[in-house]
Amino acid sequence: YKISSQNSHPSAYRLKYFEMTIELFKSYGDVFLIASPIGKKLYEIQRKYWPDHEHLMESLAKKHHVTYINLQQYFPDPKTLDETHLIASEAAIVSTFLAKKIAEISAAR
């Protein structure tokens, strides 16, 4: 991951289609940008090689009038199988939290 992170960055092409996807989904209902929690080591690598990831997601959410939820801030060191995939019990906790968070946001609208 360290090696691929050094050479991989989101292209303008991918960002364009990501934004088009957001707009398409908005025509069907509420859209939420969700950053799933990842293992602490992997998150540190991501922050090193893509330090403006959070800023990009926040600015895209603002630009497209959608909500961005960064689950990493609520689960900074989740239990994972391989730094990427949550173990089943942790996934259940994160999913329940996310469902409640979306319900709160939706109710406040």
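Worth a mention:
- Extension gain, residue 53 back to residue 34 (0.36 nm per residue minus Cα-Cα distance, nm): 5.6 nm
- For the chain, the Kirkwood radius over C-alpha pairs fed into Stokes-Einstein at 4 °C and 1.567 mPa s yields D = 84 µm² per second.
- If you count Lys pairs in segment 1-83 whose Cα atoms are under 18 Å apart, skipping same-chain pairs closer than 8 places in sequence, the total is 11.
- Percent carbon-and-sulfur accessible area, the chain, ignoring ligands, DNA and RNA, probe 1.4 Å: 58
- Fully extending the segment from residue 21 to residue 92 would add 22.9 nm, taking 0.36 nm per residue of separation and subtracting the current Cα-Cα distance.
- Our summary gives segment 21-109 a relative contact order of 35 percent, counting only alpha carbon pairs under 8 angstrom and 6 or more residues apart.
- Selection among 45, 72, 87 by position relative to the dipole of the chain gives 45 as farthest towards the positive end (Cβ unit charges, Cα centre).
- 5 angstrom amide H check on residue 34, placed H, neighbours 5+ away: 69
- Its Cα centre serving as origin, the chain has a Cβ charge dipole (Lys and Arg +1, Asp and Glu -1) of approximately 120 debye.
The values are calculated or read from the model by the stated rules, or taken from the named source; none is laboratory data. The structure displayed is predicted, hence computed values, not measured ones. Every residue, glycine among them, receives a Cβ derived from its backbone with ideal geometry; neighbour counts consider all protein chains shown. Calculation scope for accessible area: heavy atoms of the full protein, side chains included, ligands and nucleic acids excluded. Shrake-Rupley method; radii C 1.70, N 1.55, O 1.52, S 1.80 Å.
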